[in-house]
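Student: My questions all concern the structure below.
The values are calculated or read from the model by the stated rules, or taken from the named source; none is laboratory data. All of these numbers come straight from a predicted model, not from anything done at the bench. Every residue, glycine among them, receives a Cβ derived from its backbone with ideal geometry; neighbour counts consider all protein chains shown. Accessible surface areas use protein heavy atoms only, side chains included; no ligands, DNA or RNA. Shrake-Rupley method; radii C 1.70, N 1.55, O 1.52, S 1.80 Å.
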Amino acid sequence: MAPPGAAAPPAAAAPGLVLAALLALLLLSPAQAARRPNVVLVLTDDQDVFLGGMTPLKKTNALIAQMGVTFVNAYVPSALCCPSRASILTGKYPHNHHVVNNTLEGNCSSKSWQKIQEPNTFPALLKSMCGYQTFFAGKYLNEYGAEDAGGVGHVPPGWSFWYALEKNSKYYNYTLSVNGKARRHGENYSVDYLTDVLANMSLDFLEYKSNFEPFFMMISTPAPHSPWTAAPQYKNSFQNVSAPRNSNFNIHGKNKHWLIRQAKTPMTNSSIQFLDDAYRKRWQTLLSVDDLVEKLVKKLEFHGELDNTYIFYTSDNGFHTGQFSLPIDKRQLYEFDIKVPLLVRGPGIKPNQTNKMLVANIDLGPTILDIAGYDLNKTQMDGMSLLPLLRGDKNVTWRSDFLVEYQGEGYNGSDPTCPGLGPGVTHCFPDCVCEDSYNNTYACVRTMSTSWDLQYCEFDDREVFVEVYNLTADPHQINNIAKTIDQEILEKMNYRLMMLQSCSGATCRTPGVFDPGYRFDPRLMFSNHGVRARRFSAQSL
């Protein structure tokens, strides 16, 4: 079935139309005749890489990772769906696109987002400035389709074909906006299972799209987000799999901010059984994503488009299952929540490559625009183009750090099931282990250099809490070294965090603390940057 608005292909073209098409081709410039590359972005929902999230995806690993490059240090600037997706679309840190959580009040798909940010997303530029056909299918932003934000009739600028899920991830019984018209789906697997529906829509687009323009596709699956509903044929997969029992599993988060310290340790048997079951179901849902990737690659190959198409595979954030006795969620500053898979194949990318550079999802927009030939100096994006890394260019100047920031969600009142925890907590489990709170608000500098693999974080809470981790010695972030790390490094990281929290565009790409070009002037820590500056001493932490 052709996408709405696209004509079904005629059985035989009229001679006049054939002649017109040939003339059009002759009039193309050499650059237009050698059509710019196509781009496909497959985005999963809550897929970790730290705890084995890529393991079930055998086909995806074979068709993308083994045919291209795997970025082993890929991160998100905010470990939550809506802020992270906004960062992908805009190429900006949350403090610049102003989406801080998953609510309309947090700017998730709000009228303000629609007015200020949507016209400047990279798909909007691809379509208006680069002449790309653009296709979206799946989960957009968590509050998309909300009545107060224009409902499903709102189609963001920049999309030629729009098949967006109303609100958050589901597998059955959902509504899609089909170019602004509501289409309701039920619970019949053969026609309603969302991952498969997205696959079929994508294949239809590839069948009936224009052959005279490059295309961009963004396919945003519900998997492996809750409610973890697997396709019928995969419901019995991975029966002997459990969540990894690594060194930070089911231990008390000592020397961490209060939200981690409040978790019950050891976890109850029911909590462990619940998270193990969730882990298996998450893997089961990913098997349908694996099928989607295989179908997509085969279709591109069938139409002769594969060699001229970049395919990106990534997730909007990571996930945890039992780390520091937190049963399941994301939203935390640790590797398991902020680190994501990133695989890329495409023209000029050598197979079986591994890249260790520090990259972030704010880099996806600049990269795709760079592939399309757009001048990145015309954007206000904070990220960097990955294209030099994809091509294997030598002597590339790259970042050594980036910013992680999150504004906690919480209620003014106490959770009635957990009154002892006081006001402000949310996402609480039956054992009164709460995954978020209003003062789970933090900002971090994540640093990688030849000298250091370091994370420095500050909390906006009464304790003014600081967490610092040396991931070379402590990859599971068990030991907070804020009280023992060298005072000079602490001050430099505090200063660098202030700079990143107020950065925009090119200033987000200045040298980090451990770059040779970094210059530290401690006097600037006490000038007015519009960001609260602090002077820490090891004794006061």
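Student: How would you order 345-356, 312-323, 103-114 from highest to lowest mean count of nearby Cβ atoms within 10 Å?
Tutor: Going from most to least packed, we get 312-323, 103-114, 345-356.
Student: Go through the range 326-332 residue by residue and turn each phi into a ³J(HN,Hα) via Karplus (6.51, -1.76, 1.60, θ = phi - 60°); whole Hz please, and just put x for glycine and proline.
Tutor: 8, x, 8, 3, 9, 6, 9
Student: If you don't mind, there's one more thing I want to ask. Each residue of the range 236-242 in order: what ³J(HN,Hα) in whole Hz does its phi give by Karplus 6.51 cos²θ - 1.76 cosθ + 1.60, θ = phi - 60°, with x for Gly and Pro?
Tutor: 10, 6, 6, 5, 9, 8, 10
Student: Mind running the shape call on the range 251-407? Use the C-alpha gyration tensor, a ≥ b ≥ c as the square roots of the eigenvalues: rounded below 1.5 for a/c, prolate if a/b tops b/c, oblate otherwise.
Tutor: oblate
Student: For Asp329, what residues show an amide H to amide H distance below 5 Å, using hydrogens built from the backbone and excluding near sequence neighbours?
Tutor: His320
Student: I'd like the Kirkwood hydrodynamic radius of the range 392-511, using the inverse of the mean 1/r over distinct C-alpha pairs, in Å.
Tutor: One over the average 1/r among Cα pairs gives 16.4 Å for the range 392-511.
Student: So, one more: Ignoring any ligand, DNA or RNA, what whole percent of the accessible area of the range 409-526 comes from carbon and sulfur when the probe is 1.4 angstrom?
Tutor: 54
Student: Let me ask something else about it. If amide H atoms are built 1.01 Å from N in the plane of the peptide, which residues on other chains or at least 5 residues away come under 5 Å of the amide H of Leu41?
Tutor: Here Met217, Met218, Ile219, Phe312 satisfy the definition.
Student: Please list Met384, Met67 from largest to smallest accessible area, probe radius 1.4 Å, with all protein chains kept in place.
Tutor: Descending accessible area places them as Met67, Met384.
Student: Quick check: the distance between the Cα centres of the range 166-189 and the range 356-435, to the nearest angstrom?
Tutor: First find each Cα centre; the distance between them is then 27 Å.
Student: In straight Cα distance, which lysines are under 23 Å from Lys339, not counting same-chain residues fewer than 8 positions off?
Tutor: Answer for Lys339, where 23 Å is the Cα cut-off: Lys58, Lys59, Lys92, Lys139, Lys254, Lys256, Lys281, Lys330, Lys356, listed by chain and number.
Student: For the range 54-202, give me the percentage of DSSP beta bridges that are antiparallel, rounded to the nearest 5 percent.
Tutor: 60
Student: Mind jotting down the distance between the C-alpha centroids of the range 202-251 and the range 278-295, whole Å?
Tutor: 5
Student: Can you tell me what share of the DSSP beta bridges in the chain is antiparallel? A percent to the nearest 5 is fine.
Tutor: About 60 percent, rounded to the nearest 5.
Student: Report the label-to-label distance for Ser237 and Glu105 in nanometres (one decimal), using points 7 Å from each Cα along the Cα→Cβ vector.
Tutor: Taking the two extended label points, one gets 4.0 nm.
Student: Let me ask something additional. At 1.4 Å probe size, put Leu497, Leu376 in order of accessible surface, largest to smallest.
Tutor: My answer, sorted largest first, is Leu376, Leu497.
Student: Now, a different point. Which of the cysteines found in the chain have nothing to pair with, since no other Cys Cβ lies under 4.7 Å from theirs?
Tutor: Cys81, Cys130 - these cysteines have no disulfide-compatible partner (Cβ-Cβ under 4.7 Å) in the chain.
Student: A further question follows. Name the helices (complete DSSP H segments) of the chain with a Cα length along the long axis of 15 Å or more and a Kyte-Doolittle mean of at least 1.6, or state none.
Tutor: 15-27
Student: Cross-link candidates for Lys492: which lysines have Cα within less than 16 Å, leaving aside residues fewer than 8 places away along the same chain?
Tutor: Lys483
Student: Of (i) 1.00; (ii) 0.97; (iii) 1.10, which one was derived for Rg/Rh (Cα atoms, Kirkwood Rh) from the structure shown?
Tutor: (ii)
Student: Sorted by mean Cβ packing within 10 Å, highest first, what order do the peptides 78-87, 213-222 take?
Tutor: Descending mean neighbour count gives 78-87, 213-222.
Student: Kindly identify the range 88-194 as rounded, prolate or oblate by the Cα gyration tensor criterion: order the square roots of the eigenvalues as a ≥ b ≥ c, call it rounded if a/c is under 1.5, otherwise compare a/b with b/c, prolate if a/b is larger, else oblate.
Tutor: Note, shape of the range 88-194 comes out oblate.
Student: Further, regarding this structure: Mind ranking 157-169, 502-514 by how tightly packed they are, going by the mean number of other C-beta atoms within 10 angstrom, highest first?
Tutor: Result, highest mean Cβ count within 10 Å first: 157-169, 502-514.
Student: Further question on the same structure: I'd like the distance separating the alpha-carbon centroids of the range 499-517 and the range 77-116, in whole Å.
Tutor: 21
Student: Extending each Cα 7 Å along its Cβ direction at Asn269 and Glu301, get the distance between those two points in nm, one decimal.
Tutor: That separation, rounded to one decimal, is 4.9 nm.
Student: Tabulate in residue order the Karplus-calculated ³J(HN,Hα) for the range 98-112, using 6.51 cos²θ - 1.76 cosθ + 1.60 with θ = phi - 60°, rounded to whole Hz; enter x for Gly and Pro.
Tutor: Listing the rounded values in order: 6, 8, 10, 7, 8, 10, 4, 5, x, 6, 6, 6, 6, 4, 5 Hz.
Student: Same structure again: Please compute the length gained on full extension between Leu471 and Glu207, using 0.36 nm multiplied by the number of residues separating them and subtracting their Cα-Cα distance.
Tutor: 90.3 nm
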